[in-house]
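The values are calculated or read from the model by the stated rules, or taken from the named source; none is laboratory data. The shown structure was predicted, so the numbers you read here are calculated from the model rather than taken from an experiment. Positions of Cβ are backbone-derived with ideal geometry, glycine not excepted, and every protein chain shown enters the neighbour counts.
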Amino acid sequence: MSGRWVTSLGDCALADLLETWSSWSGDEQSRRCGHSGTPGAAGPLDAMAAATALSDALDTWRWQAILDARGQTPPATWEEIGRALGVSPSKVREYCHRKDEIRALPVPTVAG
């Protein structure tokens, strides 16, 4: 079953994205505290791109975990899933409904 799940971030390794975020975040905290020094290689745009890629990956992984929990025998209840995610069961169902709607959209084709 693990073969169908997304386990990578394409060309970016999770560690690289975290390193980019940490580089900028550490520099930003130092500046806010009035410390000067040699800034890291990551700028705020790099940090935003890394944060977006991480957020997208976590959203995908959350979705996969929900599908897996619902596919168990017996399936996890919406209440159990909501508790694990820290949201109400109705919020989980809304999230899943939106995901299903997105998955149902037709894939655009390129005219050639």
Number of positions in the stretch 62-105 that are in a helix (DSSP H, G or I) and β-branched (Val, Ile, Thr): 4
Criterion violated by SER23 - all others in (1) under 16 Å from the mean Cα position of the chain (by Cα); (2) modelled with pLDDT of 80 or more satisfied: (1)
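The rows are residues; the columns are (1) surrounded by fewer than 12 Cβ atoms within 10 Å (Cβ to Cβ); (2) at pLDDT 90 or above; (3) of a type in the set (Phe, Trp, Tyr); (4) within 16 Å of LEU17 (Cα to Cα).
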| site | (1), (2), (3), (4) |
| --- | --- |
| SER55 | yes, yes, no, yes |
| GLN72 | yes, yes, no, no |
| THR77 | no, yes, no, no |
| ALA84 | no, yes, no, no |
| GLU94 | no, yes, no, no |
| ARG98 | yes, no, no, no |
| ARG103 | yes, no, no, no |
| PRO108 | yes, no, no, no |
| GLY112 | yes, no, no, no |
